[in-house]
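In what follows, a single structure is set out as C-alpha cells and then discussed.
Each reported figure results from applying straightforward, stated rules to the coordinates on display, with no laboratory input. Computed from a predicted model, the values in this text were never measured in an experiment. Using ideal geometry, Cβ is built from the backbone for each residue, glycine included, and neighbour counts are taken over all protein chains shown.
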Amino acid sequence: MSNIYLVTGGAGFIGSAIVRALAGNGHRVRVLDNFSSGLRQNLEGLGDAEIIEGDIRDDARLGRAFEGVSVVFHQAAIASVPASVADPVLTHEVNVTGTLKVLEAARKADTRRVVYAASSAAYGDLSTSPKVETMPVAPLSPYAVTKVAGELYCRTFHEVYGLETVSLRYFNVFGPRQDPRSQYAAVIPRFVTAALRRQPAVIYGDGLQSRDFCFIDDVVSANLLAADAADAPGGIFNIACGQAISLNQVLGHLEQILGHSVERRHEPARVGDVRHSLADIASARAILKYQPGFSFAEGLRKTVDWFRLGPDRK
C-alpha cells in the first residue's frame, strides 16, 4: 500500500487546510472535489497535489480517486443547516449516499482508514452541557440527520468489514479562507467581513446563543492525529476547544481587535439552529492526543488579519 492521502472536498475550507498540512509534511496528496462550493484558489500553490474533479456519488470517479490510497479524509458534504432545510433530498444524496459510496470505495480499494467529518449538530439542543460523545443524538435539521447517518455507516463498516473509521464531530470551525459570500455562510466570516466594511453584522436571534468555536489549525491537527491513533478506529470524537462563546461576545472581541464598534442587526432565529453548543473533549485528548493550540481570541485575530489582506491574501 502506497502512502497517498485522499481528501474529498479538498477544495473546501477545512479540506484545503488538511491538504496544505499534508503537502507541507511531504505527503502525496490527492483531492476529489466537484467545486460546487470548494474554491480552486484554495489549492493555489500546491502544485504537487493531484486534483480530480468529480462528485463523491460518481462510482467511476471514486474508483479512480481511491487508487493506491492509504487514508482518506472525507470532508465532502453539503455543510449547511439552512441549505439542508431548503433541499433535504439533495442533502441526503450528497451526505448519506455520498458517504456510503466513499466507504464502499475505501473497502474495495483496501484503504487503511477513513477519517469522517461528523458534526456537533448530532446533539441538537440537548440541555446537558458540555456535550459528551456517549449522549443520545437529537438532530434538529436534515443536515444533522445526514451527519449522524454517516457516523453510523462509518461504525458499521468498521464492525462488519474491518475498515478503520474515525468520526470527528466538529463544533464551530473558523479561520482564514472560510467563504463569507454564501447566504449560508458561517457566522465568523460573515461578522468579520461586515465589520471590516463598517456594515451591520446580522444576528439571527438575540445573540445570546453560544458556540464552541474551534480554530482551523486545531481541526487540521485533530484530523492528522486521527489518521494514525491506534485506539481510534470505530470511535466518535468531539473536536472543539471546550469553551462556549456567545455571538454577542464574538462581536465584542471583534470590536477590540478592530478598535471600532460594530453595528448589530437582528433578524428572526433560523429553523434548525441550535441554541447552545459546548464540547467535552476529554476523549479526543485521551485517545487522539488532541490538544487545542489556539484560544478563540488568538484564532479570531489571525482570521481578521487574513481577511484584512483582501485580494493579496494567500
### Summary
With R₀ set to 45 angstrom, the calculated FRET efficiency between the beta-carbons of Glu159 and Asn248, to the nearest 0.05, is 0.55
### Summary
Taking Rh as the Kirkwood radius computed over alpha-carbon pairs of the range 1-115 and applying Stokes-Einstein at 37 °C with viscosity 0.692 mPa s, one gets a diffusion coefficient in µm² s⁻¹ of 234
### Task
Relative to the compact-globule scaling 2.2 N^0.38 Å, provide the ratio for the alpha-carbon radius of gyration of the range 40-107.
1.24
### Summary
What the 5 Å binned alpha carbon P(r) of the range 151-289 shows, as percent of pairs per bin from 0, is 2, 9, 16, 18, 17, 13, 10, 8, 5, 2, 1, 0
### Query
Using Cα pairs under 8 angstrom and six or more residues apart, how large is the relative contact order of the range 138-229, in percent?
26
### Summary
Excluding residues fewer than 8 positions from Lys289 in its own chain, the lysines with Cα under 21 Å of it are Lys131
### Query
In degrees between 0 and 90, to the nearest 10, how far off the longest principal axis of the chain does helix 247-258 point, with axes built from Cα atoms?
80
#### Entry: 3J(HN,Hα) from dihedral phi, the range 53-60, Karplus parametrisation 6.51/-1.76/1.60, rounded to Hz, x for glycine, proline
8, x, 9, 5, 8, 8, 4, 5
### Query
Per-residue ellipticity at 222 nm for the chain, helices alone: DSSP H runs ≥ 4 residues times -39500 (n - 2.57), over residue total, nearest 500 deg cm²/dmol?
-10000 deg cm²/dmol
### Summary
The set of residues whose placed amide H lies less than 5 Å from the amide H of Tyr204, leaving out same-chain residues fewer than 5 positions away, is Glu267
## Note on the structure
Quick calc: nm separation of the 7 Å Cα→Cβ label points for Ala138 and Glu44 -> 4.5
#### Entry: Thr193, Thr91, Thr165 arranged by Cβ crowding within 10 Å, fewest neighbours leading
Thr193, Thr91, Thr165
### Query
Once both labels are modelled 7 Å past Cα along the beta-carbon direction, what's the Asp87-Asp206 spacing in nm?
3.5
### Query
Asn3 versus Val271, label points 7 Å from Cα toward the beta carbon: distance in nm?
4.9
#### Entry: Cα convex hull of the chain - mean projected area over all directions, nm²
14.7
### Task
Would you compute, for the Cα atoms of the range 134-206, the largest minus smallest coordinate along each principal axis and list the three values in descending order, in whole Å?
54, 26, 20
### Query
How are the Cα pair distances of the range 83-218 distributed, in percent, across 10 Å bins from 0?
11, 33, 36, 16, 4, 0
### Calculated from backbone phi, Karplus (6.51, -1.76, 1.60) coupling profile of the range 17-33 in Hz, x at Gly/Pro
5, 5, 4, 4, 5, 5, 5, x, 8, x, 7, 7, 10, 10, 10, 10, 8
### Query
Packing-wise, with mean Cβ within 10 Å as the measure, how do 48-57, 212-221 rank, highest first?
212-221, 48-57
## Note on the structure
At q = 0.19, 0.26 1/Å the base-10 log of I(q)/I(0) from the Debye formula over the alpha-carbon atoms of the range 69-150 is -0.83, -1.15
